[in-house]
1. Given (1) in a strand (DSSP E or B); (2) without any contact (Cβ under 8 Å) to a residue 40 or more places away in the chain; (3) within 12 Å of the chain's Cα centre (by Cα), where does residue 33 come up short, assuming only one miss?
2. Just a yes or no: is a residue in segment 56-71 over 17 Å from residue 9 (Cα atoms) and without any contact (Cβ under 8 Å) to a residue 12 or more places away in the chain?
3. Of all the helices (runs of 4 or more DSSP H) wholly in segment 102-169, which have at least 2 residues that are outside the structural domain of residue 53 (by TED's automatic domain parsing), surrounded by 13 or more Cβ atoms within 10 Å (Cβ to Cβ) and without any contact (Cβ under 8 Å) to a residue 12 or more places away in the chain?
4. Could you please find all residues in segment 84-101 being more than 14 Å from the chain's Cα centre (by Cα) and without any contact (Cβ under 8 Å) to a residue 40 or more places away in the chain?
5. Go through (1) over 25 Å from residue 22 (Cα atoms); (2) over 15 Å from the mean Cα position of the chain (by Cα) and name the single condition residue 54 misses.
6. Can you tell me which residue among 38, 66 is part of a helix (DSSP H, G or I) and surrounded by fewer than 14 Cβ atoms within 10 Å (Cβ to Cβ)?
7. Within segment 41-55, work out how many residues are within 22 Å of residue 13 (Cβ to Cβ) and part of a strand (DSSP E or B).
8. Limited to segment 69-86, what total is found for residues that are farther than 16 Å from residue 158 by Cα, out of contact with any strand residue (DSSP E or B) (no Cβ under 7 Å at 6 or more places or on another chain) and not in a loop (DSSP other than H, G, I, E, B)?
């Protein structure tokens with residue numbers, strides 16, 4: 001089985017997970033590992049990943065996914081907010097809107113990823129303007145928690161997930 005691992009990573013979080021998946025599948029026939037290319041990548045399984053950009057995948061990944069037809073796809077992503085399966089379901093449902101119905105979606109995986117420091121700076125500035133905003137306090141707490149992600153547990157969960165996906169085929 002030919003496998004392509006295609007991803008975009010802005011802050012290296014998604015790349016960390018992509019490398020964990022690659023490591024788990026290193027004894028398989030990986031025909032491509034990296035960012036989307038203009039030329040066709042032929043594989044039996046497309047493992048596609050992205051960071052979360054304003055509640056959706058990176059536009060490069062969305063453009064790539066839309067071009068796939070009659071493929072087997074497994075999707076993975078990283079997001080600044082974590083530990084909320086409903087949030088991850090919402091994120092994937094947005095990605096799924098870009099996947100043609102002719103494709104077979106084998107599953108998805110998300111984990112938390114650290115955010116750029118500018119995000120916290122923005123939250124802190126907003127807190128100065130709105131010191132009683134409970135949502136901003138939660139956002140700052142989440143930012144601080146995300147600094148440790150993706151961690152070993154996240155990488156191990158990604159490895160377990162992809163093993164289950166590949167074993168289904």
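The values are calculated or read from the model by the stated rules, or taken from the named source; none is laboratory data. Because the structure is predicted, anything quoted here is derived from the model rather than measured. Cβ atoms come from the backbone with ideal geometry, glycine included; neighbour counts cover every protein chain shown.
1. Among (1) in a strand (DSSP E or B); (2) without any contact (Cβ under 8 Å) to a residue 40 or more places away in the chain; (3) within 12 Å of the chain's Cα centre (by Cα), residue 33 violates only (3).
2. Taking segment 56-71 and keeping what is over 17 Å from residue 9 (Cα atoms), we get 66-71.
Narrowing the set further to residues that are without any contact (Cβ under 8 Å) to a residue 12 or more places away in the chain leaves 67.
The answer is yes; a qualifying residue exists.
3. Here the list reads 117-129.
4. Selection gives 84, 86, 97, 99, 100, 101.
5. Here residue 54 clears every test but (2).
6. After applying the criteria, what remains is 66.
7. Of all residues in segment 41-55, those within 22 Å of residue 13 (Cβ to Cβ) come to 46-55.
From what's left, part of a strand (DSSP E or B): 46-53.
So the count comes out to 8.
8. Looking only at that region, the number is 1.
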